[in-house]
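The values are calculated or read from the model by the stated rules, or taken from the named source; none is laboratory data. A quick note: this is a predicted structure, and the numbers were derived from the prediction, not measured. Every residue, glycine among them, receives a Cβ derived from its backbone with ideal geometry; neighbour counts consider all protein chains shown.
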Amino acid sequence: MEVQNKKVKPSRFKVLMWHIAGSDINVLRDCVEGNVQNKHAGVGFTILVTTLVAGCVSSIAGYTFGESVPAAIAVGCVWGIVIFSVDRNMVMFLKKDPENPKKGMWSAFIVRALLALLISIFIAIPLELLIFKQEIAIEMENLKNEEFIRQQETKEEKFNINQLFADQY
């Protein structure tokens, strides 16, 4: 029994993912539907999801610090575009060179790991502030109260207020 490999017209979404991945569309259209096409679509989808997550989280950060919806949207769009550009260019740069099959993957891994670390820092801090907003407010109030009490004790020690009142009576 022979498996027939026939070309199937790719969906618009798959072609869009190929564009995002920076793949050669004409070559992929000529490929038989399967692993190669899906791999390139997966790369594009990964870039797209990374961009959307980065944009949403930076919008949250922008709103947390600025409390302005238009500014938050602007921050999210700018950061999303930056992440999209860096991620897409990195993927395109890291493609295998057919003339150099022994090219190591450590440099690609290190660059990707550094980018992931950078993204995680920018994502983690705003999310932490958003998730623990109430706890942070309570802790800030406690710190203010402790500071007020400490200042009162310092003033009492400095001016010896209790002794002054005791001497008058």
Select from region 115-146 the residues that are of a type in the set (Val, Ile, Thr) and surrounded by 10 or more Cβ atoms within 10 Å (Cβ to Cβ) and write down the one among them that is farthest from the chain's Cα centre (by Cα). 138
Of the residues in region 2-25, how many are loosely packed, with under 10 Cβ neighbours inside 10 Å and either on the phi > 0 side of the Ramachandran plot or modelled with pLDDT of 85 or more (or both)? 1
Quick one: how many residues across region 43-61 are loosely packed, with under 14 Cβ neighbours inside 10 Å and more than 20 Å from residue 121 (Cβ to Cβ)? 0
In region 117-161, residue nearest to residue 63 (Cα to Cα) [restricted to those that are in a helix (DSSP H, G or I) and among the aromatic types (Phe, Trp, Tyr)]: 122
Report the residue count in region 119-132 for those that are in contact (Cβ under 8 Å) with a residue 12 or more places away in the chain and not hydrophobic (A, V, I, L, M, F, W, C). 1
Please indicate, with yes or no, whether at least one residue in region 90-98 is of a type outside the set (S, T, N, Q) and under 18 Å from the mean Cα position of the chain (by Cα). yes
